[in-house]
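Reading through the structure tokens given below for one structure.
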Amino acid sequence: MKKEQLEELKDKCNNCYKCELGKTRNNIVFSDGEPESAKAILIGEAPGENEDKTGTPFVGRAGKLLNEFLEKAGISRAEDLYIINTVKCRPPQNRVPTDEEKALCSEFLLKQIEIVNPNVLIFCGATALKSFYPKKTPISKIRGEVLELEIGGKTRKCMPIFHPSYLLRYHSLEEGSPRDLMLKDLKKIKSML
Ligand code: URA
């Protein structure tokens with residue numbers, strides 16, 4: 001059962017102090033969603049303040065905006081998605097996680113992908129994209145494309161999308177605006193689930 005394997009991994013993560021983030025976290029932020037029914041994994045960057053307090057990913061302002069977009073695209077956060085981050089502990093002042101922190105945390109990330117084994121991986125923002133995609137293509141150039149990448153010994157369909165924090169700065173819904181593109185990308189993902 002996926003749930004049992006993930007619980008075991010979560011226990012291990014709870015006891016992890018391999019990097020400095022383990023010293024300052026209040027909670028690890030392991031996942032949200034239903035691993036048995038999830039058809040996609042959405043990978044964000046790192047927990048923020050609200051996530052660190054609650055232990056749940058994407059519950060702050062960015063998370064609320066993400067929820068709105070998911071609903072508009074007809075994707076159920078609770079049933080269709082398993083939501084995680086590249087690192088499981090909050091970086092101080094919400095800075096971007098370092099390469100070392102990401103590398104030390106990658107055993108949890110890769111194992112989560114392997115266990116849930118979804119149809120699609122969604123790279124939500126540049127940090128998630130960079131964790132798996134070797135080229136330096138900016139997210140604005142590659143978002144919405146379906147990439148086939150070798151991850152955890154398997155070729156997997158992956159799609160980069162904008163991070164909702166970025167969308168908090170752009171309110172336009174005009175054709176070609178970041179919010180318009182985000183909705184189009186999520187609708188494309190919906191068709192792949
Ligand atoms: N931003 C992220 O990338 N992940 C979260 O869990 C919250 C905000």
Can you pull out the residues in segment 1-31 that are of a type in the set (Phe, Trp, Tyr) and surrounded by fewer than 18 Cβ atoms within 10 Å (Cβ to Cβ)?
TYR17
First in segment 118-141 and on the phi > 0 side of the Ramachandran plot, second anywhere and acidic (Asp, Glu) and assigned to a loop (DSSP other than H, G, I, E, B), Cβ under 6 Å, 6 or more apart:
GLY125/GLU45
Which of the following residues is on the phi < 0 side of the Ramachandran plot and in contact with a Phe, Trp or Tyr (Cβ under 8 Å, 6 or more places away or on another chain): LYS10, LYS18, LYS39?
LYS10
Filter pass, LEU42 being within 14 Å of the chain's Cα centre (by Cα), closer than 23 Å to ARG169 by Cβ and not small (Gly, Ala, Ser)
yes
Mind telling me which of the residues LYS88, LYS72 ends up being touching a helix residue (DSSP H, G or I) at 6+ places or on another chain (Cβ under 9 Å) and surrounded by fewer than 20 Cβ atoms within 10 Å (Cβ to Cβ)?
LYS72
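Which members of segment 36-48 meet the condition of being over 10 Å from LEU81 (Cβ atoms) and part of a loop (DSSP other than H, G, I, E, B)?
Residues satisfying the conditions are GLU36, GLU45, ALA46, PRO47, GLY48.
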Could you list, in sequence order, all residues of segment 22-48 that are over 17 Å from ASP11 (Cα atoms), touching a Pro at 6+ places or on another chain (Cβ under 8 Å) and within 14 Å of the ligand (Cβ to nearest atom)?
ILE41, GLY44, GLU45, ALA46, PRO47
I need a count of the residues in segment 5-27 that are closer than 16 Å to LYS111 by Cα and touching a helix residue (DSSP H, G or I) at 6+ places or on another chain (Cβ under 7 Å).
5
Just need a number here: residues in segment 49-79 that are more than 9 Å from the ligand (Cβ to nearest atom), without any contact (Cβ under 8 Å) to a residue 24 or more places away in the chain and part of a helix (DSSP H, G or I).
4
In this structure, is GLU34 in contact with a strand residue (DSSP E or B) (Cβ under 9 Å, 6 or more places away or on another chain), on the phi < 0 side of the Ramachandran plot and surrounded by fewer than 19 Cβ atoms within 10 Å (Cβ to Cβ)?
yes
Collect the residues in segment 80-100 that are part of a helix (DSSP H, G or I) and within 14 Å of the ligand (Cβ to nearest atom), keeping them in residue-number order.
GLN93, ASN94
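A short reminder: the numbers here are calculations on the coordinates, not readings from a lab. In this text the structure is predicted, and so the values were computed from the model without any measurement. FYI the Cβ positions are ideal-geometry reconstructions off the backbone, even for glycines, and counts take in every protein chain you see.
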